[in-house]
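Nothing in this text is a laboratory measurement; each read-out follows from the coordinates by a stated rule. Computed from a predicted model, the values in this text were never measured in an experiment. FYI the Cβ positions are ideal-geometry reconstructions off the backbone, even for glycines, and counts take in every protein chain you see.
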Amino acid sequence: MFSRFPHAARTVRLRMNAALSDAEDVFNRITDSENQWWPFGFLRPDPDERFSTRRAALLAVLQGLPIGMLLILFDGAARHAAGHDRLPVFLLTVCAAVFATNRFTLAYFWNRRAERLSRHRTRLERFMGE
């Protein structure tokens, strides 16, 4: 459809990039706060460092287990889902959901910024070296 309307494709692309940039600004403003990382501040990378899948998985386990246990304590449906022999599966599912959320929001937007800062640093180093 867009091949017949190249202007429309360009407009859509520009709007998508603007929306992603706005979302990145919001997420990075939130995640730059020290309070948001408590007690997992040791997992917070530098702004120009990539947020790896491994780091997202570790954060998901550290966040997911307490979240899962709180769900079991306060939510009857979660308590039923985590019944007798299903507790490990329930907690694994919560951790997987937290991982997916972290990986496709926090890590995605963090990595967009890290790549941009890395490109900027490379250009600056090249400029200063000349």
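For the reader, a short list of remarks on this structure follows.
- Normalised Debye scattering of the range 15-92 at q = 0.16 Å⁻¹ gives log10 I(q)/I(0) of -0.78, counting only Cα atoms as equal scatterers and leaving out solvent.
- Sites matching chymotrypsin sites (Phe, Trp or Tyr not before Pro) across the range 8-56 that sit in DSSP coil, with at most 15 neighbouring C-beta atoms within 10 Å: F40
- Gaussian network model of the chain, springs between alpha carbon atoms under 10 Å - residue of R113, R86, R50 with greatest fluctuation: R86
- Placing +1 on the Cβ of every Lys and Arg and -1 on the Cβ of every Asp and Glu, with nothing else charged, gives the chain a dipole about its Cα centre of roughly 580 debye.
- Annotation: amide H of F51 within the under-5 Å range of N111, sequence separation 5 or more or interchain, hydrogens built in the peptide plane.
- Between the listed residues L71, H120, A96, the Cα displaced farthest toward the positive end of the dipole of the chain, a dipole computed from Cβ unit charges relative to the Cα centre, is found at H120.
- Sequence-ordered 3J(HN,Hα) estimates for the range 39-49 from the Karplus curve with 6.51, -1.76 and 1.60 and θ = phi - 60° stand at x, 9, x, 5, 8, 6, x, 5, x, 9, 9 Hz, glycine and proline given as x.
- Every helix of 4 or more DSSP H residues in the chain counts as -39500 (n - 2.57), and over all residues that averages to -24000 deg cm²/dmol at 222 nm.
- Among (i) -0.66; (ii) -0.59; (iii) -0.51, the entry that matches log10 I(q)/I(0) by the Debye sum over Cα atoms at q = 0.12 Å⁻¹ as calculated here: (i)
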